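Q: Below is one structure. I have some questions about it.
Since every read-out is calculated from the coordinates, none of them should be taken as a lab result. Given the structure is predicted, the values throughout are model-derived calculations rather than measurements. Please note: Cβ atoms are built from the backbone with ideal geometry, for glycine as well, and neighbour counts cover all protein chains shown.
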Amino acid sequence: MRCGTITHVSSRPASAQHLRDLARLRRVKDRIDREYAKPLDVEALARGVHMSAGHLSREFRQAYGESPYSYLMTRRIERAMALLRRGDLSVTEVCFEVGCASLGTFSTRFTELVGMPPSAYRREAARATAGIPSCVAKQVTRPIRNREAPIPGRN
């Protein structure tokens with residue numbers, strides 16, 4: 001018998017536990033998609049599926065390739081892009097409409113994902129998507145995750 005760390009303790013087979021965890025992660029992802037504009041944090045999301053915040057973050061990243069917070073911010077930025085393309089709200093109004101509490105954090109994350117600040121996007125999007133159906137515009141203007149957006153003037 002080996003002393004040290006416990007690798008897995010469960011009365012269920014590993015595959016059944018894994019499937020149960022995946023179902024809980026899917027519920028978290030669906031909740032983020034539905035409630036992106038509400039105040040959500042990893043602690044609240046984890047409580048909703050009876051997991052610790054650390055375990056949820058690790059499992060979510062393993063399943064979806066990014067943290068729950070990053071996924072939430074991506075959803076918020078996607079919605080912000082649509083609102084900015086519409087053109088009837090200010091950047092500050094859009095920030096609060098999508099659930100961000102800080103204009104600075106919103107602008108920084110928006111710039112990381114989209115490659116330009118929200119105000120510049122609002123000006124450019126109005127010109128670039130003129131005459132394009134909204135369903136097509138949504139697909140071609142979808143944000144790029146994980147800071148992959150090119151920064152204008154840099155190679």
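Q: Could you calculate the FRET efficiency of Cys135 with Leu19 from 1/(1 + (r/R0)^6), where r is the beta carbon distance between them and R0 is 30 Å, rounded to 0.05?
A: Details: r = 34 Å, r/R0 = 1.13.
My answer for the efficiency is 0.35.
Q: Once the convex hull of the C-alpha atoms of the stretch 14-67 is built, how many Å³ does it hold per residue, rounded to a whole number? Could the numbers behind the result be given before it?
A: Numbers: hull volume 3.9 nm³, N = 54.
Output value, Cα hull per residue: 72 Å³.
Q: Taking the Cα centre of the stretch 70-140 as origin, work out the dipole magnitude from +1 charges on Lys and Arg Cβ and -1 charges on Asp and Glu Cβ, in debye rounded to 20.
A: Working: 10 positive and 6 negative charges, 28 e Å.
That gives the stretch 70-140 a dipole magnitude of about 140 debye.
Q: Right, next: Just to be sure I understand the curve: with the Debye formula and one point per C-alpha of the stretch 70-140, what is log10 I(q)/I(0) at q = 0.23, 0.24, 0.26 Å⁻¹?
A: -1.00, -1.09, -1.26
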